[in-house]
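What follows is a set of notes on a single structure, which appears directly below.
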Amino acid sequence: MKKLLLSLLCLGLLPALYGQPTHPGDWALNVSYFGETGIHPGLKVGLSHTLWEKEKHHKRWFKGRQNRLGPKVKMYQLFGGANLAVYSHPNNHTGVLPNLEVGWKRINMRRGSFFGAQLGIGYLRRFYNVATYELGEGGEPDKVSAAGRGMFVPSFAFLWGKDLSVKGKTPISWHIKPTVMMLAPYNHTNVFSFALELGVSYRLGKK
Amino acid sequence: MKSTFKYILLPSILFLLAACSRPTMDTYERFFFRTDGADLAVQVDGNRDSKVFILLIHGGPGGSGYEYNTGSYADQLEEKYAMVYLDQRGQGASQGKYDASTLTLQQFSDDIYGLAQLLKQKYGQDISLFLMGHSWGGTTGTHALLNTQVQDEINGWIEVDGAHDIPLLNIEAIKMFRQIGAEELSKGNNTDRWQEIVDFANGVDTTNISEDEGGRINSYGFEAEGLLEAINEGGGGNPSHGILGRPHLGLAHIISSSSTANAITPETEVAAMTSELHKITVPSLFLWGKYDFVVAPALGVSAVSRVASQDKELVIFDHSGHSPMDTEPEAFVAAVVGFVERNK
C-alpha cells in the first residue's frame, strides 16, 4: 500500500515539476462524467497521448498590449486516446462503450484555455437493466440472460477547457465535451445520440 | 482532492441517485419482449392481483406506450386492472436489429399476438386479457385481430378512435370539416381558421385522396379539434417517471420512431379493413369522441354494426375529440370497466 501511495505521489510530482502542458510523447489520464443524453449518468476513464504539436506566435493588433504582454502564443496539438465509458439509462439499459479517439486542440499559452475537436470510433454494448423474455419453442417464456444489443459508435465532439499547468504548476486540465454519436445499427436504421462529458485530465508525463 | 470531490464526484453521485428513481409501487414492472429481431419495451402498471390485463396499443405511427401511462384515466384503470403499455417495434424504448423491409402491418400484428401469448404464459393462463388500440393502434390492433390468432388469447377488443380504415376516415373527415366548419362559420367562431379548413375540404376530390392530402387532413383534424369549445380541456397527468428515469428519453428514440413512421405510412395509408370486420367475434367495445376529425365517429358506427361479436357496444363522448380518455376520463373509465366486468 505504501509503495502504491509513493508511486502515485511520484506520478503526481514529476509532471508538476514541468509546469507545462502536455508535449509530444506525454500521456494523460482522463476521468469524466459521461452523461448519455446529458442526463443518463456515467463515468469515462481513459488515457490520451500527445502526438504532435506546433507553437505559433501572432502579433497582437494593439501595440500597447503587444508591448505589455508580448505576442499571442498558441499551441496546436494532435492527440489520440483510448477510453472506456460506462453509463446507466434507468429503466432501459447500462451501456459499456470502449472507444478510440483522435483530436486536435488549440491552447492559449497565456490563459491555458483551449478548444478543439475530436473524432472517435467505439463499440457500444447495451445490457438491458430490466428482464428480457422471448417465447420458447413450446410457447413458454424464456428469460434471456445478459440480454442487450451491440452497435458501432462513430462520434464527433467539440471540446473546451482549461489547462491549469499553463499558468501554474498543477498538471491538470478540465474540459467540457458535447459529443454527437451515431448508433449503427439501431432497429432498422442508424440513429444519432448525444452525450455530454465534463472531465479532468491529469498529466502523467512520458512513460 | 477536496475540490475534486466537491465539484466532480459529489454531483455525479447525486445524479446517479436521482436517475435511479422509479415508481415505488410494487405493482410496476418493465421488461423487454424479444421477437423477430426486436426487443419490444413493455411496462406493466397496476393491479396485477385483479388478473385482468389490458394491453394498450399506442397511436402514431411514431408514438409510444409510455405516453399513455399518464393521466387520471390511467390512474383509475391501473387501480382496478393491470395496464400493459407496449412500445411497438421501432418506437419508444423498443430496440433491436432488423431489416426495414420487415416493417409491415403483418409484423406489427405478429408482435401483438406474440406479446399476448407471452403475457398469458408469464402471468397465468387464467388471466383475462383485453386488447385496447387507440388511433393508429386501432390499425395494428384490428389488423392483428384479422390476421393472427390473437382472438383466441383475448377476452375482448376495445377500439378507441381507431384508424381501421384510413381511406374511409379521410372521406369522413372531409364531410365533418364541411359540416361542422359551416356551422362554426355561421356562428362567427374562429372564422379565419375555419374558412381555410373548409376551403381545403371543398377542394378535395374524395374519390381520389392523395397521400399528401391525407397528411393535411390529419393536421387539420387536430387543429379543428382545438378550435371547438364543445371539447373539454385535457386533464393533466401524473407521469410514471421523472425525467431522469424515463425509459425512452433521447434523440435515438425520436429518430427511430420517426423513421418507423415513414416506413409504415405507405401501407397504413391504404389500410381499409371495414369489409373484414365481420371476422371479429370477440366482445368488442368502440369508444369515440363526437368531434374526432382525425378518425371520424362514422368509423365506430360502421364497425359496431359489422363485427360479429355477441357483446358489442359503441359509446360516443359528447365533449371529446380524438382522445376521450384525456377529455372525459371518468366516462371513459366507466365504459371500459363496464365492458371488462361483463367479459372478464
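The values are calculated or read from the model by the stated rules, or taken from the named source; none is laboratory data. Model, not experiment: these values are computed from the prediction. Neighbour counts are summed over all protein chains in view; Cβ atoms, including those assigned to glycine, are modelled from backbone coordinates with ideal geometry. With ligands, DNA and RNA removed, areas are computed over all heavy atoms of the protein, side chains included. Shrake-Rupley method; radii C 1.70, N 1.55, O 1.52, S 1.80 Å.
Assorted remarks:
The rows are residues; the columns are (1) aromatic (Phe, Trp, Tyr); (2) part of a strand (DSSP E or B); (3) within 14 Å of chain A (Cβ to nearest Cβ).
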position	(1), (2), (3)
B:62	no, no, yes
B:73	yes, no, no
B:76	no, no, no
B:79	no, no, no
B:90	no, no, yes
B:96	no, yes, yes
B:106	no, no, no
B:122	no, no, yes
B:138	no, no, no
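- Of the residues making up region B:155-205, just one is within 30 Å of residue B:117 (Cβ to Cβ) and open to solvent by 20 Å² or more (accessible area, probe 1.4 Å), namely B:155.
- Region A:183-207 - residue that is more than 7 Å from chain B (Cβ to nearest Cβ) and of a type in the set (Ser, Thr, Tyr) and, of those, surrounded by the fewest Cβ atoms within 10 Å (Cβ to Cβ): A:202
- Residue A:92 satisfies every condition listed in (1) open to solvent by less than 20 Å² (accessible area, probe 1.4 Å); (2) at pLDDT 95 or above; (3) within 13 Å of another protein chain (Cβ to nearest Cβ) except (2).
- Of the residues making up region B:192-236, those that are of a type in the set (S, T, N, Q) and part of a loop (DSSP other than H, G, I, E, B) are B:206, B:207, B:208, B:210, B:232.
- Going through (1) surrounded by 15 or more Cβ atoms within 10 Å (Cβ to Cβ); (2) modelled with pLDDT of 85 or more one by one, residue A:117 falls short only on (1).
- Residues that are polar (S, T, N, Q) and touching a residue at least 24 places away in the same chain (Cβ under 8 Å) were ranked within region B:101-110; the one that is most open to solvent (accessible area, probe 1.4 Å) is B:106.
- Residue that is nearest to residue A:186 (Cα to Cα) [pool: residues in region B:260-283 that are touching a Leu at 6+ places or on another chain (Cβ under 9 Å) and not β-branched (Val, Ile, Thr)]: B:263
- Of the helices (runs of 4 or more DSSP H) lying entirely inside region B:239-344, those carrying at least 3 residues that are open to solvent by 10 Å² or more (accessible area, probe 1.4 Å) and farther than 19 Å from residue B:77 by Cα are B:251-269, B:298-306.
- The residue of region B:292-344 that is farthest from residue B:50 (Cα to Cα), among those that are of a type in the set (Phe, Trp, Tyr) and in contact (Cβ under 8 Å) with a residue 60 or more places away in the chain, is B:293.
- Any chance residue B:121 is free of Cβ contacts under 8 Å to residues at least 60 places away in the same chain and under 17 Å from residue A:142 (Cα atoms): yes
- Any pair with Cβ under 7 angstrom, 6 or more apart, that starts in region A:46-65 at a residue that is within 23 Å of residue A:32 (Cβ to Cβ) and ends at one that is part of a loop (DSSP other than H, G, I, E, B) and hydroxyl-bearing (Ser, Thr, Tyr): A:50/A:22
- Just one of the numbered conditions (1) within 14 Å of chain A (Cβ to nearest Cβ); (2) of a type outside the set (Val, Ile, Thr); (3) under 23 Å from the mean Cα position of the chain (by Cα) is not true of residue B:244: (3).
- For region B:29-60, filtered to residues that are within 14 Å of chain A (Cβ to nearest Cβ), among the acidic types (Asp, Glu) and not in a loop (DSSP other than H, G, I, E, B), the residue that is most open to solvent (accessible area, probe 1.4 Å) is B:29.
- Any chance residue A:174 is assigned to a strand (DSSP E or B), surrounded by fewer than 19 Cβ atoms within 10 Å (Cβ to Cβ) and either polar (S, T, N, Q) or within 12 Å of chain B (Cβ to nearest Cβ) (or both): yes
- Filtered by the rule that a residue be under 15 Å from residue A:201 (Cβ atoms) and either out of contact with any Gly (no Cβ under 6 Å at 6 or more places or on another chain) or among the hydroxyl-bearing types (Ser, Thr, Tyr) (or both), region A:86-109 gives a lone residue, A:107.
- The condition (being modelled with pLDDT of 95 or more and either surrounded by 23 or more Cβ atoms within 10 Å (Cβ to Cβ) or within 11 Å of another protein chain (Cβ to nearest Cβ) (or both)) is satisfied by just one residue among B:68, B:113: B:113.
- So residue B:150, is it buried (at least 17 other Cβ atoms within 10 Å of the Cβ) and free of Cβ contacts under 8 Å to residues at least 24 places away in the same chain: no
- Residue B:103 being of a type outside the set (S, T, N, Q) and out of contact with any strand residue (DSSP E or B) (no Cβ under 7 Å at 6 or more places or on another chain): yes
- Test: residue in region A:99-113 that is in contact (Cβ under 8 Å) with a residue 24 or more places away in the chain, open to solvent by less than 30 Å² (accessible area, probe 1.4 Å) and within 14 Å of chain B (Cβ to nearest Cβ): no
- Residue selected from region A:125-152 under the condition of a type in the set (A, V, I, L, M) and within 11 Å of chain B (Cβ to nearest Cβ), by the criterion nearest to residue A:34 (Cα to Cα): A:151
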